[in-house]
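Visitor: Below is the structure I would like to discuss, written out as structure tokens.
Read-outs throughout are calculated quantities, based only on the coordinates presented, and are distinct from any laboratory measurement. All figures in this text were calculated on a predicted structure; none of them were measured in a lab. Quick reminder, even Gly has a Cβ in these numbers, built from the backbone with ideal geometry, and neighbours come from all protein chains shown.
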Amino acid sequence: MPVVHDVLIVGGGLVGACLALALQRSGLSVALIDAQPPQPVSTGADWDIRVYAISPGNAAFLDALGVWQRLDPQRVQRVESMMISGDRPEGRLSFSAYDAGLRELAHIVESSALQRALYQAMAEADPAHPAVAKRAINLEVAEDCARVELADGNLLQARLVVGADGGNSWLRQAAGLEARITDYQQVGLVANFETAQHHRGAAFQWFRDDGVLALLPLPGRRVSMVWSTTADHAQTLLALAAEALAAQVEAASSSVLGSLQLITLPAGFPLRLAHVPKLVAPRVALAGDAAHNVHPLAGQGVNLGFRDVRELVKVLAARVPGQDCGDRQLLRRYERARREDIVTMGLGTDGLQKLFAARAVWVSGVRNSGMAAVDHLPFLKNLLIRHAAA
């Protein structure tokens, strides 16, 4: 008789791997497939250009799963404060973990290191069922289970199929779930630099005429840059020699950390907003970028995905005896629980992007005055920090 898994996860990135591990530890039968699973990465001295600001709440969740302990503490940097500058001198806003009663606002972690730690933990939790490097080509939903056909002709069956397969999710399309895409016509340019001055655990962000520039602290005198800018400007920056690019970033950041030296080749990725009205369909649920894409200016994309995982695990753990994982009521409960967080972050980042992209003089005055006003409201600032730290 064919095996019917409790949960089949399509997509083995950070969110898919985290969900697989969490469900394995809860005692469910889990299968994980990915057309192109993450490749092994070097453990050498090179720094990954893709980093994430992991919230304290998600760090605690990863710690409970036995993942956080696998990270090299010398490669993880705590963010203790953040300085945000508008496009006028009066536009200033600062956040402090200390003032909010927290140890840190976030942890900066390399994507490859976190991916490796997740896969190590998965292999130990369930060595008999490793991730399968297969491409799904067809979805069929029956009354008792869902069936996913693979490119090699094999068939996998599960009570619930979760799409964690990214912004261009195959499962989302196969399940007939709509995604409303807004292309920002921007590129997120990423690179790492050595700095003349120590960042002291501070992150910096500038809202500029040419986009949003952020410098995130890395261990030692290093920072990770994310410059969300127009496609043309990004191509100009990518074409620069290392010294010229470092000079451009130093000037754009007002030399806040002194001179810069490029230590990784820069890369760019397109930016977009994806609103997915429904996160579930019969025996199907979405998580991570398959369920939402937001502008990176708040650094909350992967945190939203991990919070998806936490909620779905919670909902499945609370099911009554005899209730299978694909039960429609369970999936609706998950969808309702995640809606506010996703919508709030999507509207908030989209609104900020549009507000600072507007060139009207009166708009510039309003947005910068607004930043200054918020900076003088400790209660509101701490409320924003608490939401981002969840």
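Visitor: Can you give the helix-only mean residue ellipticity at 222 nm for the chain, where every DSSP H stretch with n ≥ 4 adds -39500 (n - 2.57) and the sum goes over all residues, rounded to the nearest 500 deg cm²/dmol?
Guide: Working: 10 runs with 134 residues, N = 390.
It lands at -11000 deg cm²/dmol.
Visitor: Farthest toward the dipole's positive end in the range 200-292, which of A251, G201, W227, given Cβ charges of +1 (Lys, Arg) and -1 (Asp, Glu) about the Cα centre?
Guide: G201
Visitor: Another question, then. Can you give the longest run of the chain that contains no GluC sites (Glu not before Pro) sitting in a DSSP loop with at most 15 other Cβ atoms inside 10 Å?
Guide: For GluC sites (Glu not before Pro) (loop position, at most 15 other Cβ atoms within 10 Å), the longest site-free span of the chain is 179-390.
Visitor: Here is a further query. Excluding A290 itself, what net charge comes from residues whose Cβ is under 11 Å from its Cβ, given Lys and Arg +1 and Asp and Glu -1?
Guide: -2
Visitor: Provide Rg over Rh for the range 4-389; use the alpha carbon set for both Rg and the Kirkwood Rh (inverse mean inverse pair distance).
Guide: 0.98
Visitor: Multiply the residue separation of L155 and R70 by 0.36 nm, subtract the distance between their alpha-carbon atoms, and state the gained length in nm to one decimal.
Guide: Values: separation 85, 0.36 × 85 = 30.60 nm, distance 3.40 nm.
Gain in length upon complete extension: 27.2 nm.
Visitor: Which residue, G101, G301, G346, tops the fluctuation ranking in a GNM of the chain built on C-alpha contacts under 10 Å?
Guide: Of the options given, G101 has the highest mean-square fluctuation.
Visitor: A follow-up question, please. Modelling each spin label as a point 7 Å along the Cα-to-Cβ direction, I'd like the S255/R386 distance in nm, to one decimal.
Guide: Taking the simple label geometry, S255 and R386 are separated by 4.2 nm.
Visitor: Same structure, new question: How long is the gain from E178 to A35 if the chain were fully straight, where each residue apart is worth 0.36 nm and the alpha carbon distance is subtracted?
Guide: Taking E178 through A35 to full extension adds about 49.3 nm, to one decimal.
Visitor: Report the net charge of residues surrounding W47, where surrounding means a beta-carbon distance below 14 angstrom and charges are Lys +1, Arg +1, Asp -1, Glu -1.
Guide: Details: positive: R50, R75, R221, R222; negative: D46, D48, D72, E110, E194.
Net charge around W47: -1.
Visitor: Could you work out how far apart the two model spin labels at R78 and Y98 are, taking each label as a point 7 Å from the Cα in the direction of the beta carbon, and quote it in nm?
Guide: 1.2 nm
Visitor: Note the full-extension length gain between L265 and Q329 as 0.36 nm times their separation in residues minus their Cα-Cα distance, in nm to one decimal.
Guide: Full-extension gain reported as 18.3 nm.
Visitor: What is the fewest-to-most order of I9, I181, I108, I84 by other Cβ atoms lying within 10 Å of their Cβ?
Guide: With the fewest neighbours first, I9, I181, I108, I84 line up as I181, I84, I108, I9.
Visitor: Work through the residues other than G12 whose Cβ is under 11 Å from its Cβ and net out their charges, Lys, Arg +1 and Asp, Glu -1.
Guide: -1
Visitor: Moving on to the next point. For a quick check: sort I54, I263, I33 by the number of other beta carbons within 10 angstrom, fewest at the front. Kindly include the intermediate steps, with their values, before the conclusion.
Guide: Values: I54 26, I263 18, I33 23.
The most exposed by this proxy come first: I263, I33, I54.
Visitor: Once you place label points 7 Å from the Cα toward the Cβ at R319 and N168, how far apart are they in nm?
Guide: Placing both labels 7 Å beyond Cα along the Cβ direction yields 3.2 nm.
Visitor: Mind checking the angle between helix 242-252 and the chain's longest principal axis? C-alpha axes, 0 to 90 degrees, to the nearest 10.
Guide: 70 degrees
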